[in-house]
Amino acid sequence: MGAEPGSSKIYENKHDEVNYFITRKKATDRSTRTLNSYSRVLREFYHDQFPDLNPDEIKTGHVENYVIALDERGVSQNSKKKYLEVLSSFYNYMLKRDEFESITSNPAAVVMEEISRVRPDRPDCATWENACKLIHAIPDPRDKTVAIILAKTGARLLEALSIEEDDVDLEKGFIRLRERKGGGQTVVPIDDETIYAIKRYQFINVDSDSPYLFTSNLGGRLSKERIRREVKAAADRAGVAPKEERRFEKKFTPHTFRTVFTTLMRKQGMKPYILKYIRGDAKTETMDIYTRIDRDDAKEEYLNCIKEIGL
């Protein structure tokens, strides 16, 4: 629940080694999204690219041919790297298991090292001032409130849209983000301006029976595409980024709010470990320590650093 269509499926593989790998990763609490990625990439590699080869027959040359095939399909450099990371992770895992002694090397490791990850430039328009202009240009109270949460917490879009009514504690000023990357949860602070926006939206949406805070017109969870579309339109109306812009460094998307939030908090001097906690970057066990010990400290630090949008 909470995933986009198709992103929660775990694909069966014709090779026992792959199914063993996926099952063990599931047992060690990998997120559904991660398991979907593992199973999808490995199914494509063994079923579509090399249907006649077993895992122990794959050589470095096969992996290089796979990269060439990905390149011919127009797959980005970063996506190629991610696919090879899955393949390399599978082989590293198998090398440590005595029951699969026929696998004696990791054919993806060398190829993966040769592919550098491209880190896109920070969008030119990713400023707090532009974020505020954009939010003011969103007319719908529901969509505006989503954008406010994105800007004020640095949450990923799916994390914000997966917030349920029970996740919101407006009296204490916290929101639980339950769909964090890697499968963890974080309770993050919010300020009075965000509390006001949520209360205003809840007053309008009082008749909803959905467990989700943000609901579609049909009563289900609001879609990611809706917010992407509205942010794009508002960026155009506000003069922040033209609607027809395609270049990453010139666009303002829902994820740009995360960059805006991070940049603002760093400029305001937020302690790095608290910023990591709020962003959901820390490992699950580290998050748990912060949640038990530093939740109130995180809120105090947050309130000292966050700026108003001017609603």
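Would you indicate which of (1) 13.5; (2) 17.9; (3) 22.3 is the value of mean projected area of the Cα convex hull in nm² derived from the coordinates of this structure?
(2)
Using a simple charge model, +1 on the beta-carbon of Lys and Arg, -1 on the beta-carbon of Asp and Glu, nothing else, what dipole does the chain show about its Cα centre, in debye to the nearest 20?
So the magnitude is around 780 debye.
Please list 3J(HN,Hα) in residue order for the stretch 131-146, calculated via the Karplus relation 6.51 cos²θ - 1.76 cosθ + 1.60 where θ = phi - 60°; whole Hz, with x for glycine and proline.
Along the stretch 131-146, the couplings run 4, 5, 4, 5, 4, 5, 8, 8, x, 6, x, 5, 5, 5, 5, 4 Hz.
Taking the Cα-to-Cβ direction at ARG97 and at GLU244 and moving 7 Å from each Cα, how far apart do the two end points lie in nm?
5.3
Can you report the principal axis dimensions of the stretch 72-115 using only the alpha carbons, biggest first, rounded to whole angstrom?
The Cα atoms of the stretch 72-115 stretch 38, 14, 14 Å along the principal axes, largest first.
In whole Hz, what ³J(HN,Hα) sequence does the stretch 259-276 give by Karplus (6.51, -1.76, 1.60; θ = phi - 60°), x for Gly and Pro?
Calculated HN-Hα couplings, in order: 5, 4, 4, 4, 4, 4, 5, 5, 5, 7, x, 4, 4, x, 5, 6, 4, 4 Hz.
For HIS62 and ARG24 in the same chain, what is the full-extension length gain: residue separation times 0.36 nm, less their Cα-Cα distance, in nm?
Taking HIS62 through ARG24 to full extension adds about 11.1 nm, to one decimal.
Efficiency by 1/(1 + (r/R0)^6): what FRET value for VAL75 and LEU303, r their Cβ-Cβ distance, R0 = 30 Å, to the nearest 0.05?
The value I calculate is 0.10.
Give the residues of the stretch 72-116 whose amide nitrogen is closer than 20 Å to a point set 7 Å from the Cα of THR32 in the direction of its Cβ.
Hits in the stretch 72-116 for THR32 at 20 Å: none.
Show the residues, 5+ positions off or on another chain, whose built amide H is closer than 5 Å to the amide H of GLU164.
LEU213
So how much slack lies between GLU129 and LYS14, counting 0.36 nm per residue of separation and subtracting their Cα-Cα distance, in nm?
Details: separation 115, 0.36 × 115 = 41.40 nm, distance 5.28 nm.
That pair, GLU129 and LYS14, stretches by 36.1 nm at full extension.
May I ask for the Kirkwood hydrodynamic radius of the stretch 104-238, worked out over all distinct Cα pairs and given in angstroms to one decimal?
Kirkwood hydrodynamic radius for the stretch 104-238: 16.7 Å.
Would you mind checking the tilt of helix 224-237 against the longest principal axis of the Cα atoms of the chain, expressed as 0 to 90 degrees and rounded to 10?
50
Which of the peptides 214-227, 232-245 is most tightly packed, and how do the rest follow, going by the mean number of other Cβ atoms within 10 Å of each residue? Walk me through the intermediate numbers first.
Details: 214-227: 15.0, 232-245: 17.3.
Output ranking for 214-227, 232-245: 232-245, 214-227.
Using only Cα atoms and rounding to the nearest 10 degrees, what angle (0 to 90) does helix 77-95 make with the longest principal axis of the chain?
Taking the Cα atoms of the chain, the angle to 77-95 is about 50 degrees.
With everything on Cα atoms, drop me the angle between helix 60-72 and the longest principal axis of the chain, reported from 0 to 90° to the nearest 10.
The two axes meet at around 40 degrees.
Bear in mind that the values in this text are calculations on the coordinates, not laboratory data. The shown structure was predicted, so the numbers you read here are calculated from the model rather than taken from an experiment. Ideal geometry is used to build each Cβ from the backbone, glycine not excepted, and the neighbour counts take in all protein chains shown.
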